[in-house]
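The values are calculated or read from the model by the stated rules, or taken from the named source; none is laboratory data. Everything quoted here is computed from the prediction, not taken from an experiment. Quick reminder, even Gly has a Cβ in these numbers, built from the backbone with ideal geometry, and neighbours come from all protein chains shown.
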């Protein structure tokens with residue numbers, strides 16, 4: 001029994017300090033007056049859009065919905081079998097599971113999970129997709145820093161997230177704010 005307890009504690013330590021319940025907490029930038037700590041980019045999970053978004057963490061306070069990378073955020077907050085429609089929209093009525101968008105009718109698509117999906121309305125996914133192509137001012141392009149060699153668009157919940165690098169322009173969309181450099 002003692003071995004089992006030690007083994008379980010070891011596994012939990014390796015898996016990290018976060019739980020799925022941390023993912024439901026609202027964005028918290030930390031305390032505004034924070035001395036001795038360096039502000040740095042962190043990521044929080046936005047349950048409405050099912051997206052991990054960047055913010056400038058002050059270094060003090062805040063809550064547990066704070067991750068060092070977007071990959072850590074997604075790994076913790078999006079279960080492998082999490083099936084939801086975008087922006088908290090409801091699945092299409094009279095549909096259970098699907099394996100192909102043809103099963104969802106002309107106004108729907110099959111939002112796939114692990115092995116099967118649910119039918120969701122196309123209009124909500126289309127609204128969300130527009131946010132991934134921000135309209136930057138002339139001569140600027142969306143900021144895509146590399147994380148482990150992979151370029152990734154840096155999005156925040158709003159420009160108040162202070163997630164853009166110095167001299168970048170923050171462009172607020174309907175659901176996200178993008179950085180243009």
Heads up, the strands (runs of 3 or more DSSP E) in region 60-176 (entirely inside) with at least 3 residues that are free of Cβ contacts under 8 Å to residues at least 40 places away in the same chain, touching a helix residue (DSSP H, G or I) at 6+ places or on another chain (Cβ under 8 Å) and surrounded by 15 or more Cβ atoms within 10 Å (Cβ to Cβ) are 108-112
Go through region 45-59 and report how many residues are within 12 Å of the chain's Cα centre (by Cα), touching a residue at least 60 places away in the same chain (Cβ under 8 Å) and assigned to a strand (DSSP E or B). 5
Test residue 132 against the stated conditions and say whether it is within 26 Å of residue 92 (Cα to Cα), in contact with a strand residue (DSSP E or B) (Cβ under 9 Å, 6 or more places away or on another chain) and modelled with pLDDT under 90. yes
